[in-house]
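To keep things clear, I will list the structure first and then write my remarks on it.
A short reminder: the numbers here are calculations on the coordinates, not readings from a lab. Model, not experiment: these values are computed from the prediction. Cβ coordinates were reconstructed from backbone atoms using ideal geometry, including for glycine residues, and neighbour counts include every protein chain displayed.
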C-alpha cells in the first residue's frame with residue numbers, strides 16, 4: 001500500500017525455469033465490495049442493485065461505483081470511484097461475477113478459463129461485480145516477466161488516470177515498495193529496542209507487538225475479518241492503543257487525543273466510537289469510557305513535555321444521547337459540536353461524570369457494562385455498581401491531579417486528590433471480601449466476585465486494578481497477590497475469574513452464557529493478564545509479572561497444535577482451564593488491547609523504563625535469574641542507551657545510576673533534550 005496514494009499495488013514476477021519458451025495467460029481478479037460492510041452482508045440482495053461496474057476501453061481499466069452510500073439510499077450516491085488495472089496489454093476483461101465463473105463454479109475453476117471460451121463482459125449493473133483482466137505472456141527459458149496490478153479508490157476519474165500513469169511503470173512500483181519498507185523500518189526498528197536474556201521476549205517486543213500496535217491504532221475496531229465493527233473505532237480502545245504507541249509515535253497519539261476529546265459531551269460522557277473520518281458512532285456506550293483518556297493525555301505529556309496541550313480548546317459533542325444512556329427523541333439532525341473548553345476541562349468533566357454517577361454505596365454504576373462487555377445485565381436498571389470501575393476512576397483521578405499540579409491548578413489538584421481518597425475509602429469499606437476485592441453489585445444488590453458465590457467467586461481485574469490504582473496496600477495487597485496465585489493462575493496464564501459460570505445467571509447477563517472457559521466466561525483473557533503483569537511489577541513481583549506475560553506470548557507457546565493461532569500476534573484470549581478440551585487454544589487475534597498493554601508492560605513495568613514529567617524513571621522489576629538487559633530508548637529528542645546489570649540477582653531495586661559516567665541521585669534520568677546519545681548504566685541491588 002503506497003505511503004500517500006489511495007491504492008494497493010501488486011508486484012508480480014513470473015520466472016520460466018524450464019529450457020523451453022512458455023506461452024501462458026494470467027487473469028488478475030478481485031471481487032468488489034463497494035459499500036458499507038454490514039449492509040453488504042446483511043442486505044446483499046438489495047445492496048447489489050446499486051452496483052455499477054464497467055470496462056473503460058480507452059484507458060484499459062475497470063471502474064466501479066455504488067449509486068447509494070452508507071445506507072442513505074435515497075439521499076446521495078457513493079462519491080468515490082474504484083478502479084483496477086495492470087501494466088500489461090489487455091487481451092480480455094470481465095466484470096460480472098456469475099457470468100464469468102459460470103454455473104456451480106468458483107474462483108478455483110472459472111468456466112471460461114477451464115473450457116477455453118473466454119468472452120469479454122464489459123458492463124455490470126445491479127449484481128455482484130468483479131474486476132478481471134486477461135493477459136497473454138511469452139517467457140523465454142530462464143527469463144522472467146514482471147508486471148504491476150493497481151487497485152484503488154479515489155474521489156474522481158481524473159485521479160484514476162494519474163495513479164494508473166504513475167504505477168503502470170514497474171520501476172515506480174519498486175521505488176514505492178522500497179519507500180514503504182523504509183517507512184515501516186522507521187516505525188518498527190528505528191526506535192525502542194531491547195536486549196534481554198529471553199530472545200522470544202525480545203523478538204515480540206522489538207518487532208511484532210509494535211506492528212500489531214500500529215494495526216490496532218490504524219484500524220481499531222473497524223469492520224474486518226477480525227472484528228464485527230459495529231461501534232466503529234472504539235473510544236476506550238483508541239485511548240489505550242494511542243497511549244501504548246506514544247513512546248514510538250507521539251505525533252499519532254497527539255492527533256488521536258484531539259479526536260477523542262472532541263467526542264466528549266458537556267455532561268462528561270463520550271461517544272463510544274468514531275469513524276475513520278472522526279465522526280461519532282452513536283450506539284449505547286459502556287460506562288468505563290470516561291476513565292481512559294486522562295491516562296493517555298498524562299502519558300503523552302510525560303513523553304513529550306508538552307503540557308500546553310492541556311490548555312488547547314476542544315469542542316464538545318452534541319448528539320442524541322442524554323447522560324450517555326438515554327436517547328433524546330427531540331434531537332434533530334446529525335451530531336454536531338456545541339461550545340468548547342480546554343482539554344483539561346474535558347478530562348475533568350469525564351471523571352466528574354463517573355464520580356457522580358453512583359449507586360447506594362457511592363460506587364460507579366455499571367449500566368450496560370464496564371470494561372467487561374459481557375456483564376451486560378448487572379446494571380440495566382441503573383442500580384448495579386462496578387468495583388473495577390471505581391478502582392479505574394481512582395487511578396485516573398490521581399493522574400488528573402498530577403496534570404492539575406503541572407499547570408498550576410493547586411486547588412483543583414486538592415479537589416481531585418480528595419475525590420480519589422473518597423472513592424478509595426468506599427472501595428475498601430464495601431468491597432473487601434476477606435482475601436480479595438469483590439467485582440461488583442447487581443441491580444438487586446447481590447454481589448459477584450465474592451466468596452459467597454459458588455461461580456464467579458474471584459475476578460482478576462478487581463485485584464489488578466486495586467494495585468494499579470493504589471487502593472490495595474499493606475496486608476490487603478499481600479492477600480490479593482496470594483489469592484490471584486491460588487485461584488487464577490494456570491499452565492496457560494491467568495484466568496479472568498474463577499470458577500466459570502456453568503448456567504445462565506440473569507442478574508449478570510451473557511457472561512454466563514458463553515461456553516465455560518471461552519471469551520469473558522473465565523478465559524485466559526490476555527488484556528486482563530497484562531493488567532496483572534503491570535500490577536505484579538508495582539508490587540515488586542518481577543518473576544510473576546514475567547510469567548504472566550510469557551504464558552500468553554504467541555511466539556513462546558510450547559504446543560502450537562494446542563494454541564493454533566498466529567505465532568506473531570497476540571490473541572484476545574486463550575481458552576480457559578474449565579473448558580473440557582480446548583484449554584490453551586488462542587482466539588480473536590490482532591484487534592485487541594492486549595498488544596498495547598503488553599508493550600507497556602514489558603518496557604515500562606518489567607524493564608521499568610517509565611516516562612515521567614522530569615525524565616525517564618528506571619525501575620526494573622525482572623526475574624531474579626536475569627543478569628541484566630540493554631535497551632535503546634529515544635526520549636524527547638535524545639537517545640538513551642541503557643545498560644542494566646543485576647549482579648546480586650534481585651528482582652527489584654536500583655543501587656546506582658551513571659549518566660554518561662556521572663552518578664545520579666535517585667532513579668530518574670533527566671530529559672536531556674539535546675539531540676545527542678547518552679549512555680546510562682544501572683546497577684541493581
Discussion item. Report the Cα centroid-to-centroid distance between region 430-481 and region 145-207 in angstrom, as an integer.
Written reply: 47
Fill in: Förster radius 45 Å - calculated FRET efficiency between residue 23 and residue 3 (Cβ-Cβ, nearest 0.05)
0.75
Response to the item:
Each label sits 7 Å from Cα toward the beta-carbon; between residue 171 and residue 190 the label points are separated, in nm, by 2.5
Worksheet, complete the sentence: Among region 27-69, those whose backbone N falls under 16 Å of a label point 7 Å along Cα→Cβ from residue 14 are 27-30
Practice prompt. Could you let me know the centre-to-centre spacing of region 282-334 and region 626-662, using Cα atoms, in angstrom?
Written response: 38
Worksheet entry | Most to least packed among 120-129, 97-106, 14-23 [average Cβ atoms within 10 Å] | 120-129, 97-106, 14-23
Discussion item. Checking a compactness column here: for the chain, what do you get for Rg(Cα) / (2.2 N^0.38 Å), N being the number of residues?
Written reply: 1.06
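Taking 0.36 nm per intervening residue step and subtracting the Cα-Cα distance, what contour gain separates residue 407 from residue 266 on full extension? Intermediate values should be presented prior to the final figure.
Numbers: separation 141, 0.36 × 141 = 50.76 nm, distance 2.21 nm.
So the extension gain works out to 48.5 nm.
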Item to complete: Pull out the extension gain between residue 502 and residue 143, defined as 0.36 nm times the separation in residues minus the alpha carbon to alpha carbon distance; nm, one decimal.
Response: 122.9 nm
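What FRET efficiency comes out for residue 258 versus residue 156 if R0 is 30 angstrom and r is the Cβ-Cβ distance? Round to the nearest 0.05. Don't jump to the answer; show the numbers that get you there.
Numbers: r = 29 Å, r/R0 = 0.97.
Computed FRET efficiency for residue 258 and residue 156 comes out at 0.55.
Round to the nearest 0.05 the FRET efficiency obtained for residue 199 and residue 491 when R0 = 25 Å and r is the Cβ-Cβ distance.
The calculated FRET efficiency here is 0.70.
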Item to complete: Measure nothing fancy, just the Cα-based angle from helix 526-538's long axis to the longest principal axis of the chain, in degrees from 0 to 90, nearest 10.
Response: 40
Discussion item. Could you tell me the center-to-center distance, by alpha carbons, between region 345-391 and region 510-538 in angstrom?
Written reply: 20
Practice prompt. Determine the gain in length on full extension of the stretch residue 428-residue 320; use 0.36 nm per residue of separation and subtract their C-alpha separation, reporting nm with one decimal.
Written response: 35.2 nm
Practice prompt. Can you tell me the 0 to 90 degree angle between the C-alpha axis of helix 170-188 and the longest principal axis of the chain, rounded to 10?
Written response: 10
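What 222 nm value per residue comes from the helices of the chain, counting each DSSP H run with n ≥ 4 as -39,500 (n - 2.57) and dividing by all residues, nearest 500 deg cm²/dmol? Each step should come with its number before you reach the end.
Details: 20 runs with 210 residues, N = 685.
That comes out to -9000 deg cm²/dmol.
Please compute the contact order of region 611-684 in relative form: average sequence separation of alpha-carbon pairs under 8 Å and at least six residues apart, divided by the residue count, as a percent.
Details: 159 pairs, mean separation 29.1, N = 74.
Answer for region 611-684 is 39 percent.
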Worksheet, complete the sentence: Under the 7 Å Cα-to-Cβ spin-label approximation, residue 104 and residue 41 lie apart by a distance in nanometres of 3.0
Worksheet item: If you look at just the Cα atoms of region 7-187, how large are its Rg and its Dmax in Å?
Response: 18.0, 61
Worksheet item: In nanometres, what is the gap between the two model label sites at residue 115 and residue 559, each 7 Å from Cα along Cα-to-Cβ?
Response: 5.2
Practice prompt. Any chance you could give the angle, 0 to 90 degrees and rounded to 10, that helix 474-487 forms with the longest Cα principal axis of the chain?
Written response: 40
Worksheet item: How big is region 611-684 by the Kirkwood estimate over distinct Cα pairs, in Å?
Response: 12.4
